[in-house]
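Below is one structure, written out as C-alpha cells; comments come after it.
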Amino acid sequence: MIQGKTIVVKVGSSLLANPERLTPRWAFMHNLLEDIARLREGGAKVILCSSGSVALGFNMIGERPETAGLRDKQAAAACGMPLLLNAYKQVAHEYSFEIAQVLVTLRDLEDRKRFLNTKNTVDRLLDANIMPIINENDSITTAEIRVGDNDRLSAKVAQMVQADELIILTQVDGLYDKDPSDPDARLVEQVTDVSPYLAVTEGVSSLGSGGMLTKMQAAHMAQNAGCETRIAHGEFEQPVTSVLKGERPHTRVLANEKPSSAWASWLTDRLQIAGSIVVTAEVTKALESGARHIGRADVLSIQGPYVKGDVIHLYDEAGNELARGLTNFSSDETMALARNLEISALQLLGYETGGTLITGRNMIVLDDSHLQWDVPDDDEMAEVAF
C-alpha cells in the first residue's frame, strides 16, 4: 500500500542534466513529476532531494565539470539554482501541484536546533500540500561545511520526516555484489546488513559527488530510523511507483525491525565528524554496561575544534569508537578542564558548572547496528593529549 506513506525521492545530477550539453533533461523531469503527481493524488506525501544546480550552471560561467574548482562550482550553483527550480516549477504546474525549495547546509542538519527548524518548515509545506524540494546550498558551502553528497542528505531528510520509504534513483539497477562491469556481477535484490557490501561500492559518476558507497551509507542511516530504502535505475516509466510496486529489478534495503528513536537517529547518524575524545580504560569498561556521564578526568586526549552542542565521537585507546554524545563544552573549554583537574571549573571558565562533559542521557553507546567512524587523521583535526 502506497497510500498515506511519506516518501523521500533522491535524484542525482546525471539524471537531471545532459552530461554533454549540461542542460535540463526535460523528458526525465516530466516522467518523474508525473509519477510523483500520481503518488500525491493517491494520498502519499513526497519530498524530493535533488542535485543538478551545479551541473546546470556550468554553461553560464563557461566551465566544465572536469576542470571546475570549488569557486567555479559555487558560482555554477548560484547560476544553476534558479534554472533547476524554474524547470521543476514549469513541469509541476503541468501536473497541478506546487513546489517549494528548502536550501540546507551541513550545519542545518548537524545542529539540533537548526535541524528542528528545518523539520518544522518541511512539515508545514507538507501540511499545505506543497512538495518540498531540498537541495544543499552549494553556492555558499565550502569543502569543510558541506554535506558532500545528496544520498546521505536524503537519508537525513528521511529521518527528519520519519519517512516510510527512501527511493534513490541512479543510473544502475541497484547494488551489485561486485563491480557492475564484471560479467559475473549479480544484482543484490535485498539487503539487511550493508556492512559486507561497503568494500565493493567505490566510484562516482562524472557529474555527481556520490557513488554506491554513499547510497549504502544513506540506506544504513535510513534503516536505523525505520525507513526502507530502494535503489533503482531512474530511466523508467513511472520511476518511483514501479519500484514501490516491485515491478522491476532494484535493491531493497530493509528497515530495522526495532528502529532507533528520532533523537537517537539524529545523534548517531552523522554527516561529518565535529570532534572526538579518547577516554580512559575505566570509562571504556563502564560503557559496556550502557551510557554514563563523561567527566573531565575521563579524557586522555581530544581532537577538534568543536563547539558546545556538537556531537562528538568517543574512542578507546586502541582507536575503537565507543559512543557519540552531545558535548556541554567547546574543545577549548574541554582542554582547560581536562588539563587542570585541581582547579575548579569556575576559576577556569568564569562560570559555575559541574564539569560534566557529556551527560548519559545525551549519549548513545554504539552497537552492531552502527557503522563506526575511524579516528580522524592528525591532518584533519588538531589533537591534544594530556
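The values are calculated or read from the model by the stated rules, or taken from the named source; none is laboratory data. Since the structure is predicted, the reported quantities are computational estimates derived from the model, not experimental observations. Here the Cβ is made from the backbone with ideal geometry for all residues, glycine too, and neighbour counts use every protein chain on show.
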Scanning segment 299-331 for residues that are closer than 16 Å to V365 by Cα and not in a loop (DSSP other than H, G, I, E, B) gives V311, I312, H313, L314, Y315, E321, L322, A323, R324, G325, L326
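Can you name the residue in segment 85-100 that is in contact with a strand residue (DSSP E or B) (Cβ under 7 Å, 6 or more places away or on another chain) and touching a residue at least 12 places away in the same chain (Cβ under 8 Å) and is also farthest from N59 (Cα to Cα) among such residues? Even if it seems obvious, please write down each step before you answer.
Within segment 85-100, the subset in contact with a strand residue (DSSP E or B) (Cβ under 7 Å, 6 or more places away or on another chain) is 85, 87-89, 92, 97-100.
If we keep only those that are touching a residue at least 12 places away in the same chain (Cβ under 8 Å) as well, we get 85, 87-88, 92, 97-100.
Values: L85: 17, A87: 16, Y88: 19, A92: 25, F97: 30, E98: 28, I99: 25, A100: 25 Å.
Looking at residues that are in contact with a strand residue (DSSP E or B) (Cβ under 7 Å, 6 or more places away or on another chain) and touching a residue at least 12 places away in the same chain (Cβ under 8 Å), I get F97.
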Test R64 against the criterion of being over 24 Å from R21 (Cβ atoms) and either touching a residue at least 12 places away in the same chain (Cβ under 8 Å) or among the basic types (K, R) (or both), and give yes or no. no
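Could you list, in sequence order, the residues of segment 38-69 that are among the hydrophobic types (A, V, I, L, M, F, W, C) and in contact with a helix residue (DSSP H, G or I) (Cβ under 8 Å, 6 or more places away or on another chain)? If you could, list the steps in order and put the result at the bottom.
To start, the set of residues in segment 38-69 that are among the hydrophobic types (A, V, I, L, M, F, W, C) comprises 39, 44, 46-49, 54-56, 58, 60-61, 68.
Matches in segment 38-69: L39, V46, I47, L48, C49, V54, A55, L56, F58, M60, I61, A68.
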Please work out which one of (1) in contact (Cβ under 8 Å) with a residue 40 or more places away in the chain; (2) touching a helix residue (DSSP H, G or I) at 6+ places or on another chain (Cβ under 8 Å); (3) closer than 30 Å to Y306 by Cβ is the condition D108 fails and give its number. (1)
Check L300 against each of (1) in contact (Cβ under 8 Å) with a residue 24 or more places away in the chain; (2) within 27 Å of R107 (Cβ to Cβ); (3) surrounded by fewer than 23 Cβ atoms within 10 Å (Cβ to Cβ) and name the one condition it does not meet. (2)
Taking into account only those residues within segment 241-267 that are surrounded by fewer than 22 Cβ atoms within 10 Å (Cβ to Cβ) and hydroxyl-bearing (S, T, Y), which is farthest from Q159 (Cα to Cα)? S242
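When the residues of segment 5-23 are narrowed to those that are part of a loop (DSSP other than H, G, I, E, B) and not hydrophobic (A, V, I, L, M, F, W, C), which ends up nearest to the chain's Cα centre (by Cα)? Working first, answer last.
Step one: filter segment 5-23 for residues part of a loop (DSSP other than H, G, I, E, B), giving 5, 12, 18-23.
Subsequent filtering for residues that are not hydrophobic (A, V, I, L, M, F, W, C) retains 5, 12, 18-21, 23.
Values: K5: 21, G12: 14, N18: 25, P19: 25, E20: 28, R21: 29, T23: 27 Å.
By that ranking, first place goes to G12.
If a residue has to be outside any helix (DSSP H, G or I) and in contact (Cβ under 8 Å) with a residue 60 or more places away in the chain to count, how many in segment 24-51 make the cut? Give the derivation first.
The initial filter retains those residues of segment 24-51 that are outside any helix (DSSP H, G or I), namely 24-25, 42-51.
Checking which are in contact (Cβ under 8 Å) with a residue 60 or more places away in the chain leaves us with 24, 45-51.
Going through segment 24-51 one residue at a time, the tally reaches 8.
Every residue, every condition in (1) at pLDDT 95 or above; (2) in contact with a Pro (Cβ under 8 Å, 6 or more places away or on another chain); (3) buried (at least 20 other Cβ atoms within 10 Å of the Cβ); (4) not aliphatic (A, V, I, L, M), yes or no:
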position: R21; (1), (2), (3), (4): no, no, no, yes
position: I36; (1), (2), (3), (4): yes, no, yes, no
position: R64; (1), (2), (3), (4): no, no, no, yes
position: Y95; (1), (2), (3), (4): yes, no, no, yes
position: V104; (1), (2), (3), (4): no, no, yes, no
Hey, Y351 hits all of (1) hydroxyl-bearing (S, T, Y); (2) free of Cβ contacts under 8 Å to residues at least 12 places away in the same chain; (3) part of a helix (DSSP H, G or I) but one; which does it fall short on? (3)
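Specify the residue that is farthest from the chain's Cα centre (by Cα); the eligible residues are those in segment 269-303 that are within 23 Å of I343 (Cα to Cα) and either of a type outside the set (A, V, I, L, M) or not assigned by TED's automatic domain parsing to the domain that holds D316 (or both).
First pass over segment 269-303, keeping only residues within 23 Å of I343 (Cα to Cα): 277-280, 282-283, 293-303.
Pick out the ones that are also either of a type outside the set (A, V, I, L, M) or not assigned by TED's automatic domain parsing to the domain that holds D316 (or both) and you get 280, 282, 293, 295-296, 298, 301, 303.
Working: T280: 31, E282: 33, H293: 28, G295: 30, R296: 31, D298: 31, S301: 28, Q303: 22 Å.
For segment 269-303, the residue satisfying everything is E282.
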Could you say which residue among R71, R21, R112, R25 is of a type outside the set (A, V, I, L, M, F, W, C) and in contact with a Phe, Trp or Tyr (Cβ under 8 Å, 6 or more places away or on another chain)? R112
I'd like the residue in segment 303-321 that is in contact with a helix residue (DSSP H, G or I) (Cβ under 6 Å, 6 or more places away or on another chain) and over 19 Å from D108 (Cα atoms) and, out of all such residues, is surrounded by the most Cβ atoms within 10 Å (Cβ to Cβ). G304
